[in-house]
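The values are calculated or read from the model by the stated rules, or taken from the named source; none is laboratory data. Note that this is a predicted model, so its numbers are computed, not measured. Using ideal geometry, Cβ is built from the backbone for each residue, glycine included, and neighbour counts are taken over all protein chains shown. The protein model used for the area step is the full one, side chains on, heavy atoms only, and it has no ligands, DNA or RNA in it. Shrake-Rupley method; radii C 1.70, N 1.55, O 1.52, S 1.80 Å.
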Amino acid sequence: MEEKSAPDVIITVDNVHKSFLMGKEAVQALRGVSLDIHRREVVCLMGPSGSGKTTLLNIIGGLEEPSRGHVIVDGENIITLSEDRLSELRLTKMGFVFQSYNLLANFTALENVEVPLALTGFNRRERRRKAEALLESVGLGDRAKHYPSELSGGQQQRVAIARALANDPPILIGDEITGELDSKTGFEVMEIVAGLNRERGTTVVYVTHDPRMAKFASRVVNLRDGRITEGNHTQ
């Protein structure tokens, strides 16, 4: 289903609500959130624990369904998509980077980056060439044959970023991507993310609890009690 939006808007969140059942009680995680994110923006979602920021990120990424409302990603209303089409959209239009890296332990760095390429039909030679180039781009060309257990936390997160970029997605989704890293390594990882935005025009949406990491964003959206309190509009 195609949806109309402003030409430079790549993500539209329209009056999104989300509630969870905790026992017999409904907990409101999001209360009518509306947000436009423009192409090439770097948007940081911030707020205290329980503010709804991770829930909003997961809904934008199609990992959770809202209780009410719509989310349009690059012209498609993802709430109406079949599971197959939603999976295809996540694979081709979004790259995901998580706090815990989520690398496959029995795969080398190179093989981890190759996984999404295999899912989109690249042959073995193409996968290898592209994965090697991606690892070079995040400074890990010499670690291609290492397993996750042989890499530092910062190196594992760089592999995760390379994997997220494998299919050249226009959107990068990051959930506390520096959360398990020391400050120096966290800044290095965020410099890579900011460089992707500058060099590739990648739209970045990420959650952080660290105000220092929020400084890499072109816009900070603050949430509290399931509502946006600041940063709803592009400056």
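Taken across the stretch 103-125, residues that are in contact with a Lys or Arg (Cβ under 7 Å, 6 or more places away or on another chain) and hydroxyl-bearing (Ser, Thr, Tyr) do occur, with at least one present. When only residues in the stretch 59-71 that are among the aliphatic types (A, V, I, L, M) and open to solvent by less than 20 Å² (accessible area, probe 1.4 Å) count, which is nearest to Phe20 (Cα to Cα)? The residue in question is Ile59.
Which of the residues spanning the stretch 145-157 are outside any loop (DSSP other than H, G, I, E, B) and either closer than 20 Å to Gly201 by Cβ or not small (Gly, Ala, Ser) (or both)? Don't jump to the end; show me each part of the working.
Taking the stretch 145-157 as the starting set, the residues that turn out to be outside any loop (DSSP other than H, G, I, E, B) are 148-150, 153-157.
If the condition is that a residue be outside any loop (DSSP other than H, G, I, E, B) and either closer than 20 Å to Gly201 by Cβ or not small (Gly, Ala, Ser) (or both), then Pro148, Glu150, Gln155, Gln156, Gln157 are the ones that fit.
When the test is whether a residue is under 23 Å from Val193 (Cα atoms), among the β-branched types (Val, Ile, Thr), surrounded by fewer than 20 Cβ atoms within 10 Å (Cβ to Cβ) and out of contact with any Cys (no Cβ under 8 Å at 6 or more places or on another chain), Val43 does not pass it.
For the stretch 73-116, the set of residues classified as surrounded by fewer than 18 Cβ atoms within 10 Å (Cβ to Cβ), more than 19 Å from the chain's Cα centre (by Cα) and not acidic (Asp, Glu) consists of Thr80, Leu81, Ser82, Ala105, Asn106, Phe107, listed by residue number. When the stretch 69-85 is examined, which residues are found to be free of Cβ contacts under 8 Å to residues at least 60 places away in the same chain and under 23 Å from Thr120 (Cβ atoms)? Answer for the stretch 69-85, where residues must be free of Cβ contacts under 8 Å to residues at least 60 places away in the same chain and under 23 Å from Thr120 (Cβ atoms): Ile78, Ser82, Glu83, Asp84, Arg85. Filtering Lys24, Lys53 for residues that are open to solvent by 30 Å² or more (accessible area, probe 1.4 Å) and among the basic types (Lys, Arg) leaves a single hit, Lys24.
Listed conditions (1) open to solvent by less than 50 Å² (accessible area, probe 1.4 Å); (2) in contact with an Asp or Glu (Cβ under 6 Å, 6 or more places away or on another chain); (3) closer than 19 Å to Ile37 by Cα; (4) not basic (Lys, Arg) are all met by Ala131, apart from (3).
Looking only at the stretch 192-235, which residues are β-branched (Val, Ile, Thr) and either open to solvent by 10 Å² or more (accessible area, probe 1.4 Å) or closer than 18 Å to Thr54 by Cβ (or both)? Before the answer, list the steps.
Residues of the stretch 192-235 that are β-branched (Val, Ile, Thr), as a first pass: 192-193, 202-205, 207-208, 220-221, 228-229, 234.
Selection gives Ile192, Val193, Val204, Val205, Val207, Thr208, Val220, Val221, Ile228, Thr229, Thr234.
Of all strands (runs of 3 or more DSSP E) completely enclosed by the stretch 1-83, which ones contain at least 1 residues that are under 17 Å from Gly231 (Cβ atoms)? Please lay out each step first, then the result.
Working: elements: 9-22, 25-38, 42-46, 68-73.
Where strands (runs of 3 or more DSSP E) fall fully within the stretch 1-83 and carry at least 1 residues being under 17 Å from Gly231 (Cβ atoms), they are 9-22, 25-38, 42-46.
Here Phe96 meets each of (1) within 30 Å of Arg31 (Cα to Cα); (2) in contact with a Pro (Cβ under 7 Å, 6 or more places away or on another chain) with one exception, condition (2). Return yes or no: is Gly174 at pLDDT 95 or above and open to solvent by less than 30 Å² (accessible area, probe 1.4 Å)? Criteria met by Gly174.
Among the residues of the stretch 101-125, which ones are acidic (Asp, Glu) and within 20 Å of Glu88 (Cα to Cα)? Selection gives Glu114 alone. Given the condition under 29 Å from Val220 (Cβ atoms), in contact with a helix residue (DSSP H, G or I) (Cβ under 6 Å, 6 or more places away or on another chain) and either open to solvent by 60 Å² or more (accessible area, probe 1.4 Å) or among the β-branched types (Val, Ile, Thr) (or both), answer yes or no: does some residue in the stretch 137-155 qualify? Yes; the residues of the stretch 137-155 include at least one that is under 29 Å from Val220 (Cβ atoms), in contact with a helix residue (DSSP H, G or I) (Cβ under 6 Å, 6 or more places away or on another chain) and either open to solvent by 60 Å² or more (accessible area, probe 1.4 Å) or among the β-branched types (Val, Ile, Thr) (or both). Looking at (1) touching a Phe, Trp or Tyr at 6+ places or on another chain (Cβ under 8 Å); (2) open to solvent by less than 20 Å² (accessible area, probe 1.4 Å); (3) within 27 Å of Ser49 (Cβ to Cβ), which one does Val189 not meet, given that it meets all the others? Failing condition for Val189: (1).
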